[in-house]
1. Taking segment 256-287, which residues are more than 17 Å from Gln206 (Cβ to Cβ) and among the aliphatic types (A, V, I, L, M)?
2. From (1) in contact with a strand residue (DSSP E or B) (Cβ under 8 Å, 6 or more places away or on another chain); (2) of a type in the set (Ser, Thr, Tyr); (3) modelled with pLDDT under 95, pick out the condition that doesn't hold for Ser276.
3. Do we find a residue being free of Cβ contacts under 8 Å to residues at least 60 places away in the same chain and part of a strand (DSSP E or B) anywhere in segment 252-263?
4. With the structure loaded, tell me whether Ile220 is more than 30 Å from Gly303 (Cα to Cα) and either surrounded by 13 or more Cβ atoms within 10 Å (Cβ to Cβ) or β-branched (Val, Ile, Thr) (or both) or whether it fails that test.
5. Note down all Cβ pairs under 7 Å where the first residue falls in segment 404-420 and is on the phi > 0 side of the Ramachandran plot, the second is outside any strand (DSSP E or B) and among the aliphatic types (A, V, I, L, M), and they're at least six residues apart or on different chains.
Amino acid sequence: MDGQREDTSRPSDALLAALMREGLHDAEIAVRLGITTGELRERKAELQRRTRTIDPAPTRERRLGGRRLWFALAAAGIAAALVALLVIANIAAPGAEDASADVAATEAARGARQTRVAATPTRSAPGVVVVAGMEMDDLGPFLAVTGRSPGEPVGEIVNRAALIGVRLTGEGYLLDSPATDWTLVPSSVFSLGLRGAAGERNLRVQVSLEFSVRGNPGNIRAMSQASGAIAALSPEPGVGGMSVLIEVQDEAGLTYPAMLTPEGRLLVAREPLPPSAVVDYFTGGELDVSEARTFGQLPRSAGGWAFTICHDSGAPGEACVVSWRKSGRGYAAPAPGTLSCPGGRVLQFTMQEAVLRFTLAASVQGTNTFACEPELLEAGRALIPDGDWIISAAAPTGEPIPVVVAGDGTLHLGTVGGVTGCPCRRGT
């Protein structure tokens, strides 16, 4: 009409109008159109100025908001009437107590609270999907990214047994779930926690940025509830994107396998990882110990914890090692052998098949060193005192052997498969 062509590089007015009529939140519309929320607000204002016909259909939340206003006004009117009656009563009977006014205010507040409770949207039960024989709850859309085309994945996704890694090149948003009422637990600009119920389970989801030696890769910031998103994930300009890590546990600290679909939906297994699973702590990858042999068990103690480090272990030959915190009662010899003190903070147990080295790791032990005469021990004897230890292993020839630990404390020595690289938790 004015001789100018519409810019085909941006979403059409018809698509924008359709999404507005659906009553979607700004963050959802921006993600679908591949633009920022600021650009979306400008487009909406421009479209409304030109057409003056866009009237987004109220969402359920907006309709409920109207009811809240009606009930609040009604409650306020009732409270005002009660107050007026009390004033008249006070005029007719001077010296009456003011407790009735408190009762009226309490009733008005109770009405407002009841209205808010009624306005809380009902969460739907999570759907169930089966992935590789594993039943998983579908918690719905979890991650959205701006600037992607329809059908394009939200990022480069790596799903592992105990950790999800996704590489983002644009602005990302964590979305509220139709199946889980997430509560935000901010931690820092690099991580945050979410808590919510999925069916009969109370889940904790930790979202963090992968550590980068090149500097700060980006930040995580909470968003207002009205935006439709819980938090925004923003890469630093010029860094080419960032990797986001997602891990899921329950309130007892049990880890659940989880998956992020290409569309950004979060799937969580209905059962936690089995106690027999062996996981590399930093990468979250499950390890194959079918060709290794068991070598005793690390007993559990109050506050104790043992985990496997394969990626970037720092051990000779980059062999896997075990970090054992608060060892408590100590490790019982799985076979006859000789306990010795080769020097420094190391205790060594030499058996026919292998040599286990226990290195005192925590700073609370100060500069303690060990000195002892070699002692022959029978199977079942406790080897080491309480402390924080790094356990490594070697063949009788001195060649490093991987040693790993399962969730139930079982040690495995020998060939280990499934060792992989980053994405990784912080600390490597």
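1. Passing the criteria: Ala277, Val278, Leu287.
2. Answer for Ser276: the failing condition is (3).
3. Checked segment 252-263: at least one residue is free of Cβ contacts under 8 Å to residues at least 60 places away in the same chain and part of a strand (DSSP E or B).
4. Values: more than 30 Å from Gly303 (Cα to Cα): yes; either surrounded by 13 or more Cβ atoms within 10 Å (Cβ to Cβ) or β-branched (Val, Ile, Thr) (or both): yes.
Yes, satisfied.
5. Gly409/Leu298; Gly418/Leu287
The values are calculated or read from the model by the stated rules, or taken from the named source; none is laboratory data. Here the structure is a predicted model, which is why all the values come from computation and not from measurement. Counting neighbours? That spans all protein chains shown, and the Cβs are built from the backbone with ideal geometry, glycine included.
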